[in-house]
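The values are calculated or read from the model by the stated rules, or taken from the named source; none is laboratory data. As the structure is a computational prediction, the values presented were derived from the model and not from experiment. Glycine gets a Cβ as well: all are built from the backbone with ideal geometry, and neighbour counts include every protein chain shown. Keep in mind that these areas ignore ligands, DNA and RNA; they rest on the heavy atoms of the full protein, side chains included. Shrake-Rupley method; radii C 1.70, N 1.55, O 1.52, S 1.80 Å.
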Amino acid sequence: MPIDFAKNAVERPESFKAEVKGNIPSWLQGTLLRNGPGIFSVGDTTYNHWFDGMAIMNSFTFKDGEVVHRSRFLRSDTYKANMAANRIVVSEMGTMAYPDPSKNFIFKAITFLNHTVPDFTDNCGNNFIKYGNDYYATTETNYIRKIDPVTLETQDKVDYMKFLPVNLTSSHPHYDKEGNAYNIGTSVAEKGKTKYMLFKVPAVSEKDKDKKVPALKNVEVVCTVPCRSLLTPSYYHSFGITDNYIIFIEQPFKLDILKMATAYMRGVCWASCMKYFPEENTLIHLIDRKTGKEVETKYYTGAMIVFHHVNAFEEDGQVVCDVIAYNDNNLYDMFYLDRLKENSDQVDKKYSKPSYRRFVLPIHPDKAAAIGENLVKLKNTTASAVKEKEGKLICQAEVLCEAFDLPRINYDINGRKHQFVYGNIVEKSATATQVAKFDTETRKMLFWSEENCFPSEPLFVPRPNGESEDDGVVLISVLNCTPGQSSYILVLDGKTFQEVARAHVNAELQKDIHGFFIPHGN
């Protein structure tokens, strides 16, 4: 049975014990948070795009072989304003909100001005971020919302702009062993320049551990990268990191700032101001984490759109960067609610599936190498980096597999060489009915699926003191569309990819986007 993507969720803020079938490992102690859109219509108004839906958060707490579930809507300013008006009054990327026809001219004029220099939504329904000791629901605007990870109650609204000048940010940060977080944001026309800012949010220091101050107060700018075009910055959703380098992909999928400023007047949504330029190349920035400077070499590849980085690592003087790449921008368009409804029970004919691509970037290529020479020295890859004039390298990726997205690895080895990746199989559409474990060395996959079930992004939790990279479990939120049956949290063995247990939550789950696991005591 197809998913009804436009159906409003029902929250359940009180905790309920799930019915466990199988045996959950005793070492699995902690809370899985999941985030995604949950409310798609308010009064007589409806969002156009699935990503625009107002956020609902779910938590699944594992303790002593049991699972407790709760869910709660994010009480954002967006949520409060929409509910108070009983209509959608705050614009999202795919839905432009217009005032009630009964409102007077002055109200409409103010609304127009607010959209010319937009104050973005705080509807943070994409992911969760940990800064210091605090957890935040996040999207890709300059706002994040602090939450209580136990009760899921919404707390402070935090504006990045009060700490550093970024108008847009990634919702996929990276973390090091010390608890520092690294992220990237776009600063639009700040002091006449548009640039990307890579920043570090330090772990809570001894002097601040008892103070109620946001960790962002101590934010540090690692480096800035100038945008190739002043008013059309590249869109990005994530980036890569190794022990010594940061990898940022500036792709020809761009946001036109001037068009955004006039979108409200022209009666179009902000998403229509994003355009893909397939005739342009993609620039891969390699930045030294210690110096904050780009390496001298310039890395280019063909036009592509990357939403998710898999991982990156260093090997023999080269950075290996694994990404999930698309050949066009059709993925975002697939999630307009009209299109989802139209293709609910059939294959989306316009869908173009992604590929898992491996790039290899020589850090200090031989300057004496001849023009046209491939400077990749790794023996176990077909990826290339061909020297051109003026120190440029044209990079071609090795395709490891197709139709694979929402990748997750054992994060304990993030930034170092990995072998296994867990993700969704998206062969016929972006709505996955199958999850897989992919072996990057053998190129083989293990699969899990069940009829009428739609799995979320899989999240790997390592066993404490595990003996191998895949020693742990994979947690998946599964939306069950079979009448009379409940949705559940699935626990798979990280090695065999066989079912260990499932916990039926006796509640309606929504298709979500991303999640975060908090170990017990953290």
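For first residues located in region 13-24 and closer than 11 Å to V505 by Cβ, partners that are of a type in the set (F, W, Y) and open to solvent by less than 90 Å² (accessible area, probe 1.4 Å) and lie 6+ apart or on another chain with Cβ distances below 8 Å form the pairs A18/F60; A18/Y488. Within region 256-291, the set of residues being in contact (Cβ under 8 Å) with a residue 12 or more places away in the chain, open to solvent by 10 Å² or more (accessible area, probe 1.4 Å) and of a type in the set (V, I, T) comprises I257, T262, V268.
In a residue-by-residue description of region 82-91, the property of being in a strand (DSSP E or B), open to solvent by 10 Å² or more (accessible area, probe 1.4 Å) and in contact (Cβ under 8 Å) with a residue 40 or more places away in the chain applies to no position.
For (1) of a type outside the set (S, T, Y); (2) over 21 Å from I518 (Cβ atoms); (3) at pLDDT below 95, each residue gets a yes or a no:
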site	(1), (2), (3)
V461	yes, no, no
E469	yes, yes, no
L475	yes, no, no
S487	no, yes, no
G494	yes, no, no
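Each residue in region 3-60 was checked for being farther than 30 Å from Y98 by Cβ and aromatic (F, W, Y), and 3 of them qualify. A count restricted to region 449-499 and to residues that are out of contact with any strand residue (DSSP E or B) (no Cβ under 8 Å at 6 or more places or on another chain), closer than 23 Å to K417 by Cα and touching a residue at least 12 places away in the same chain (Cβ under 8 Å) stands at 3. Could you please find all residues in region 158-207 being within 20 Å of H285 (Cβ to Cβ), of a type in the set (A, V, I, L, M, F, W, C) and buried (at least 21 other Cβ atoms within 10 Å of the Cβ)? Within region 158-207, V166, I184, M197, L198, F199 meet the criteria.
Can you confirm whether S352 is touching an Asp or Glu at 6+ places or on another chain (Cβ under 8 Å) and either farther than 30 Å from C453 by Cβ or surrounded by fewer than 17 Cβ atoms within 10 Å (Cβ to Cβ) (or both)? When the stated conditions are applied, S352 passes them. Under the condition of being in contact (Cβ under 8 Å) with a residue 24 or more places away in the chain, assigned to a loop (DSSP other than H, G, I, E, B) and under 23 Å from C401 (Cα atoms), the residues counted in region 361-379 number 3.
Is it true that some residue in region 454-464 is in contact with a Ser or Thr (Cβ under 8 Å, 6 or more places away or on another chain) and of a type in the set (A, V, I, L, M, F, W, C)? Yes - at least one qualifying residue is present in region 454-464.
Strands (runs of 3 or more DSSP E) fully within region 1-75 that include at least 1 residues being exposed (fewer than 14 other Cβ atoms within 10 Å of the Cβ) and in contact with a strand residue (DSSP E or B) (Cβ under 8 Å, 6 or more places away or on another chain): 12-17, 19-22, 66-73.
Looking only at region 442-459, decide whether some residue is β-branched (V, I, T), under 20 Å from the mean Cα position of the chain (by Cα) and part of a loop (DSSP other than H, G, I, E, B).
No, that holds for no residue.
From the set of residues in region 380-410 that are over 30 Å from F447 (Cα atoms) and in a strand (DSSP E or B), which is most open to solvent (accessible area, probe 1.4 Å)? Here the answer is K392.
Residues in region 137-167 that are hydrophobic (A, V, I, L, M, F, W, C) and without any contact (Cβ under 8 Å) to a residue 40 or more places away in the chain: 3 in all. Note on region 125-136: among residues that are touching a residue at least 40 places away in the same chain (Cβ under 8 Å) and more than 12 Å from the chain's Cα centre (by Cα), the one that is surrounded by the most Cβ atoms within 10 Å (Cβ to Cβ) is Y131.
Touching a His at 6+ places or on another chain (Cβ under 9 Å) and over 21 Å from G415 (Cα atoms), is that true of E342? Criteria not met by E342. Could you go through region 290-299 and let me know if any residue there is closer than 19 Å to S170 by Cα and in contact with a Lys or Arg (Cβ under 6 Å, 6 or more places away or on another chain). No, that holds for no residue. Residue count for region 411-426 satisfying the condition of being among the polar types (S, T, N, Q) and open to solvent by less than 10 Å² (accessible area, probe 1.4 Å): 1.
Yes/no per residue for (1) more than 24 Å from D159 (Cβ to Cβ); (2) at pLDDT below 95:
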residue	(1), (2)
P2	yes, yes
V10	yes, no
N23	yes, no
L28	yes, no
S41	yes, no
F60	yes, no
F73	no, no
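Considering region 219-236, the residues that are under 18 Å from N142 (Cβ atoms) and buried (at least 18 other Cβ atoms within 10 Å of the Cβ) include one that is nearest to the chain's Cα centre (by Cα), namely Y236.
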